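A.B. asks: Got a structure for you, written out below as structure tokens; questions coming shortly.
The values are calculated or read from the model by the stated rules, or taken from the named source; none is laboratory data. Computed from a predicted model, the values in this text were never measured in an experiment. Note: ideal-geometry Cβ built from the backbone for every residue, glycine included; neighbour counts use all protein chains shown.
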Amino acid sequence: MTSIAIIGAGPQMGMAIARTFGSQGLDVALISRNREKLDGLVATLTAEGITAAAFPADVLDHGALTQALKDAATRFGGIDVLEYSPLAMESTVLATPADSDPSHIQREIEVQLYGAMAATKAVLPAMREAGAGTLLYTTGAGSLDPLPMVANVNAAAAALRNWVVNLHKELDGTGIQVAHVAIDVALGGVSIDPNLRAATPEAVSSVYWDLHATKRDQAEIVYRG
């Protein structure tokens, strides 16, 4: 297997991760909801000499997500690395702890945790059979040190983090690396927290390659720049 599937692929972290892995010879499957945006990202990567293809799917539609990963595996001969980082802040209702109701957290749980579980189930059997593979999951650092203004997002991120670290323990010794990346910087200088240091997506993306290539016993990295 020689490809990476990036779920929630966008122009910042998704593209940085695609370039990092693509430059190492991996084919790149980009998965997100918008076909037009994905096609633009694929065209950019192709112009840079990276083999890439678009597989549109919404992480809330587990059937479509599973099919997209199946199609990517067929196209590229398997999926060696899965990276999960969907983000749709424009459609997210932010809530503090006191103002949150179950619906505010439920949607975030469905996007962050349940989508990750569905994606993992789609690729894990082949990785188990091969005795190799890498599963990487991204959240903000609020999964460890939450901010009141985004309490509902942080609660779901913490649930995902817990599940990922537990999965790392379960799959220890199988040849499959599982790790969580918590990003504690403002990507491109944009953040709701003015106290965060700024960093480029390209600087952060090297962490993902390290977890795949050299730090396979590590369950988590908190990137602070």
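A.B. asks: Across segment 35-52, what is the number of residues that are loosely packed, with under 13 Cβ neighbours inside 10 Å and within 19 Å of Ala64 (Cα to Cα)?
C.D. replies: Total meeting the criteria: 2.
A.B. asks: Is it the case, given these coordinates, that Gly140 is over 21 Å from Gly10 (Cα atoms) and surrounded by 22 or more Cβ atoms within 10 Å (Cβ to Cβ)?
C.D. replies: Values: over 21 Å from Gly10 (Cα atoms): no; surrounded by 22 or more Cβ atoms within 10 Å (Cβ to Cβ): yes.
Against the criterion (over 21 Å from Gly10 (Cα atoms) and surrounded by 22 or more Cβ atoms within 10 Å (Cβ to Cβ)), Gly140 does not qualify.
A.B. asks: Do the conditions hold for Gly173, that is, is it small (Gly, Ala, Ser) and in contact (Cβ under 8 Å) with a residue 24 or more places away in the chain? First the steps, then the outcome.
C.D. replies: Details: small (Gly, Ala, Ser): yes; in contact (Cβ under 8 Å) with a residue 24 or more places away in the chain: no.
Taking the combined requirement at face value, the residue does not satisfy it.
A.B. asks: So, one more: Quick check, is Asn154 in contact with a helix residue (DSSP H, G or I) (Cβ under 7 Å, 6 or more places away or on another chain) and either crowded, with 16+ Cβ neighbours inside 10 Å or not small (Gly, Ala, Ser) (or both)? Let's see the steps before the verdict.
C.D. replies: On the way: in contact with a helix residue (DSSP H, G or I) (Cβ under 7 Å, 6 or more places away or on another chain): yes; either crowded, with 16+ Cβ neighbours inside 10 Å or not small (Gly, Ala, Ser) (or both): yes.
Judged against the criteria, Asn154 is a match.
A.B. asks: Assess whether Thr138 counts as being assigned to a strand (DSSP E or B) and either within 17 Å of the chain's Cα centre (by Cα) or at negative phi (or both). Reasoning before the result, please.
C.D. replies: Working: assigned to a strand (DSSP E or B): yes; either within 17 Å of the chain's Cα centre (by Cα) or at negative phi (or both): yes.
So Thr138 fits the description; yes.
A.B. asks: Continuing with this model, one more query. Against the condition surrounded by fewer than 14 Cβ atoms within 10 Å (Cβ to Cβ) and farther than 23 Å from Ala213 by Cβ, how does Gln106 come out, does it pass? So that I can check it myself, show each step before the final result.
C.D. replies: Details: surrounded by fewer than 14 Cβ atoms within 10 Å (Cβ to Cβ): yes; farther than 23 Å from Ala213 by Cβ: yes.
Spelling it out, Gln106 is indeed surrounded by fewer than 14 Cβ atoms within 10 Å (Cβ to Cβ) and farther than 23 Å from Ala213 by Cβ.
A.B. asks: To continue, here is another question. Return the only residue of Ala98, Ala130, Ala151, Ala158 being out of contact with any Leu (no Cβ under 6 Å at 6 or more places or on another chain), in contact (Cβ under 8 Å) with a residue 60 or more places away in the chain and not acidic (Asp, Glu). Break it down stepwise before answering.
C.D. replies: Numbers: Ala98 fails: in contact (Cβ under 8 Å) with a residue 60 or more places away in the chain; Ala151 fails: in contact (Cβ under 8 Å) with a residue 60 or more places away in the chain; Ala158 fails: in contact (Cβ under 8 Å) with a residue 60 or more places away in the chain.
None of the others qualify; the one that does is Ala130.
A.B. asks: Ok, one more. If you go through segment 94-142 one residue at a time, how many are in contact with a strand residue (DSSP E or B) (Cβ under 7 Å, 6 or more places away or on another chain), closer than 13 Å to Glu83 by Cα and of a type in the set (A, V, I, L, M, F, W, C)?
C.D. replies: The qualifying residues number 5.
A.B. asks: Looking at segment 49-78, which of its residues are assigned to a helix (DSSP H, G or I) and free of Cβ contacts under 8 Å to residues at least 24 places away in the same chain? Give the steps one after another, and end with the answer.
C.D. replies: Going residue by residue through segment 49-78, those that are assigned to a helix (DSSP H, G or I) are 62-76.
If the condition is that a residue be assigned to a helix (DSSP H, G or I) and free of Cβ contacts under 8 Å to residues at least 24 places away in the same chain, then Gly63, Ala64, Gln67, Asp71, Thr74 are the ones that fit.
A.B. asks: Please enumerate the residues belonging to segment 11-48 that are at pLDDT 95 or above, closer than 16 Å to Pro201 by Cβ and not in a helix (DSSP H, G or I).
C.D. replies: Correct list: Ser23, Val28, Leu30, Ser32, Glu48.
A.B. asks: Next question. Residue check: is Thr120 hydroxyl-bearing (Ser, Thr, Tyr), at pLDDT 95 or above and in a helix (DSSP H, G or I)? Give the derivation first.
C.D. replies: Numbers: hydroxyl-bearing (Ser, Thr, Tyr): yes; at pLDDT 95 or above: yes; in a helix (DSSP H, G or I): yes.
Yes, satisfied.
A.B. asks: Give me a count of the residues in segment 9-32 that are in contact (Cβ under 8 Å) with a residue 40 or more places away in the chain and either over 13 Å from Thr138 (Cα atoms) or surrounded by fewer than 23 Cβ atoms within 10 Å (Cβ to Cβ) (or both). Break it down into steps so the answer makes sense when it comes.
C.D. replies: Kept after step one, since they are in contact (Cβ under 8 Å) with a residue 40 or more places away in the chain, are these residues of segment 9-32: 10, 12-17, 19-21, 24, 26-27, 29, 31-32.
If we keep only those that are either over 13 Å from Thr138 (Cα atoms) or surrounded by fewer than 23 Cβ atoms within 10 Å (Cβ to Cβ) (or both) as well, we get 10, 12, 15-16, 19-21, 24, 26-27, 29, 31-32.
Of the residues in that region, 13 qualify.
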